[in-house]
Structure formats: C-alpha cells, structure tokens
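Take a look at the structure set out below.
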Amino acid sequence: KISYDVSSFLDASIEKVVHTLAEAFVLVALVVFVFLGDWRSTLIPTLAVPVSLVGTFIFMQIFGITINLITLFALVLAIGIVVDNAIVVVEAVHAKMAEEHLSPYQATTKVLGEITGAVIAITLMMTAVFVPVAFMTGPVGIFYRQFAITMATAIVLSGVVALTLTPALCAMILKNEHG
C-alpha cells in the first residue's frame with residue numbers, strides 16, 4: 001500500500017511548467033512583435049527557448065538530477081531567464097540593420113563583435129548567483145544543489161544559444177526593410 005503518493009503533485013507541476021512555457025512563448029512573441037514590429041524577429045527567441053530547455057534536460061540527466069518539484073520550479077524560473085539573451089541579440093541586429101542599412105548577415109556579424117562580451121558577462125553574472133548554492137551541505141543542500149545546477153545550466157546554455165543559434169537565425173531569417 002502506498003501511504004503517500006507524490007505523483008499527483010509532480011503531474012500538476014509538469015502541467016504548470018508546460019502552461020508557463022506556453023504563456024512565456026505568447027508573452028515573448030507579443031513583446032518582441034510590439035517593440036520590433038516583425039514576425040520574423042518574433043520567431044527567433046521562440047526557437048531559442050526550447051533549445052536551451054532541452055539542453056538543460058540533457059545536462060540534468062548527465063548530472064544525475066531527477067525531475068522533481070524543485071527542478072521543475074527551477075525550469076519555470078529558467079523559462080523567463082533564458083529568453084533574455086536571445087532578445088538582446090535580435091534587438092541589436094534590428095537596430096544595426098536600421099541604423100547602418102546593413103544586410104542581416106552583415107548586421108549580425110557586426111553585432112556579435114559588439115555584444116559578445118556583454119552576453120558573456122550577463123551569463124556569468126547570472127550564473128554566479130546560483131553556483132554557490134550548489135555547494136550547500138546537508139539534506140536541504142541536496143535540493144538546493146539540484147535547483148542551482150538546473151538554473152546555472154539553463155543560463156549557460158542560454159548564453160551559448162545567444163552566441164551561436166540566435167545569430168545564425170538572425171542572419172537567415174531577418175530581412176532588412178530599411179535599406
């Protein structure tokens with residue numbers, strides 16, 4: 001006989017993560033479309049988020065971290081965080097295309113030279129918030145360790161995606177309507 005079944009809580013949490021992910025996609029699409037006025041620009045961050053999250057699941061498995069309420073909470077928080085770097089890159093490419101009338105490829109190349117350091121700094125600063133938590137000891141430390149590793153992994157992958165996939169998508173998908 002099972003005296004305490006946590007599966008219903010886990011199922012509800014997974015449902016909440018999926019719900020939050022859907023809300024995040026809608027909000028990201030809406031905000032990017034309102035500010036940049038281009039559906040192509042909207043597509044790029046909505047492709048970058050799932051790549052970062054799938055990568056996070058892969059690293060969770062490598063680190064031996066299970067899906068539980070703490071890691072699901074981390075993933076819900078990560079959804080809001082991982083989209084930031086992609087939006088920064090897309091907005092910078094848009095601004096460069098408008099200001100200098102460059103092709104998407106030229107603008108992306110120029111932007112990467114200008115903001116790579118900033119994206120790396122943002123990624124390292126945000127990761128630095130969670131890494132010390134991974135070294136907590138005791139039973140509580142085990143749960144916080146899973147949370148910290150999940151968050152740090154999602155943030156680092158977001159930075160990697162922002163410097164690799166996002167610029168590639170900008171160069172391929174965006175069109176310069178200013179020149």
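How large is the charge dipole for the chain, taken about the Cα centre, if only the Cβ atoms of Lys, Arg (+1) and Asp, Glu (-1) carry charge, to the nearest 20 debye?
340 debye
Measure out, as a whole number of angstrom, how far apart the alpha-carbon centroids of the range 74-104 and the range 35-50 sit.
Taking the Cα centre of the range 35-50 as reference, the centre of the range 74-104 is 8 Å away.
Which value results for Rg/Rh of the chain when Rg is the Cα radius of gyration and Rh the Kirkwood radius based on the inverse mean 1/r?
Rounded to two decimals, Rg over Rh is 1.06.
Select from Thr71, Thr108, Thr164 the residue whose mean-square fluctuation is largest in a Gaussian network model of the chain (Cα-Cα springs shorter than 10 Å).
Thr164
Report the label-to-label distance for Phe33 and Val131 in nanometres (one decimal), using points 7 Å from each Cα along the Cα→Cβ vector.
A separation of 3.9 nm, rounded to one decimal place.
Please report, as a whole percent, how much of the solvent-accessible surface of the chain comes from carbon and sulfur atoms (probe radius 1.4 Å).
For the chain, the apolar C and S fraction of the accessible surface comes to 73 percent.
Computed over the Cα atoms of the range 84-179, what is the ratio Rg over Rh, Rh following Kirkwood?
Using Cα coordinates only, the ratio equals 1.18.
Quote the accessible area belonging to Glu114 in square angstrom, nearest 10, computed with a 1.4 Å probe and with ligands, DNA and RNA left uncounted.
Accessible area, nearest 10 Å²: 110 Å².
Probe of 1.4 angstrom, ligands and nucleic acids ignored: what's the accessible area per residue over the chain, in square angstrom?
55 Å²
The values are calculated or read from the model by the stated rules, or taken from the named source; none is laboratory data. Model, not experiment: these values are computed from the prediction. Counting neighbours? That spans all protein chains shown, and the Cβs are built from the backbone with ideal geometry, glycine included. SASA here: full protein model, heavy atoms, side chains in, ligands and nucleic acids out. Shrake-Rupley method; radii C 1.70, N 1.55, O 1.52, S 1.80 Å.
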